[in-house]
Amino acid sequence: MHRHSQVFMPTSVIAQALVLAVVVAEPSAAADDGQLAFNNNCRTCHSIKEGDNRLGPSLHKIFGAKAGAAKGYSLYSEGLRSSGITWDEATLDKFIANPDAVIPNNNMNPYTGITDAAVRAKIIAYLKSQGG
């Protein structure tokens, strides 16, 4: 017969380990959620890599940037170039929700916006986490 030794750990040690695992996993999960939201809604036309302009301009360092002014991108609408907008969380949120309401006659077609505020928040947080 074999004897099995059992190791008992106090419940508090197990609870602390679980809390630590959750705390460590949360930022990664949030970043993954943001990247997924960006990929599902924006990546077809935009990149976050510097200079990687596609159908839409690169969104690298978008926070604090003037709308319609990304270097190397020339397909901006006149409305976007002359909007006077400097991108921050509030303006990005409004624009992602309904680009035509913020800047009429922009070139974002057929994109009409994201009504889900949680998805918009994830995208904005992701852009910030990538050097926004």
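No lab work stands behind these numbers, since they all come straight from the coordinates. Because the structure is a prediction, the values reported are computed rather than measured. Heads up, the Cβs are rebuilt from the backbone with ideal geometry, glycines too, and the neighbour counts pull from every protein chain shown.
Overview of values
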{"item": "Where a residue in the stretch 93-110 is closer than 19 Å to residue 122 by Cβ and its partner, wherever it lies, is of a type in the set (S, T, N, Q) and crowded, with 19+ Cβ neighbours inside 10 Å, with Cβ under 9 Å and at least six apart", "result": "95/106; 96/41; 99/106"}
{"item": "Selected residue (criterion: nearest to the chain's Cα centre (by Cα)) from residues of the stretch 30-55 that are small (Gly, Ala, Ser) and surrounded by fewer than 19 Cβ atoms within 10 Å (Cβ to Cβ)", "result": "31"}
{"item": "Residue match in the stretch 99-121 (condition: closer than 15 Å to residue 34 by Cα and in contact with a His (Cβ under 9 Å, 6 or more places away or on another chain))", "result": "no"}
{"item": "Segments classed as helices (runs of 4 or more DSSP H), wholly inside the stretch 58-128, with at least 1 members that are surrounded by 13 or more Cβ atoms within 10 Å (Cβ to Cβ) and in contact with a Phe, Trp or Tyr (Cβ under 9 Å, 6 or more places away or on another chain)", "result": "89-97, 99-102"}
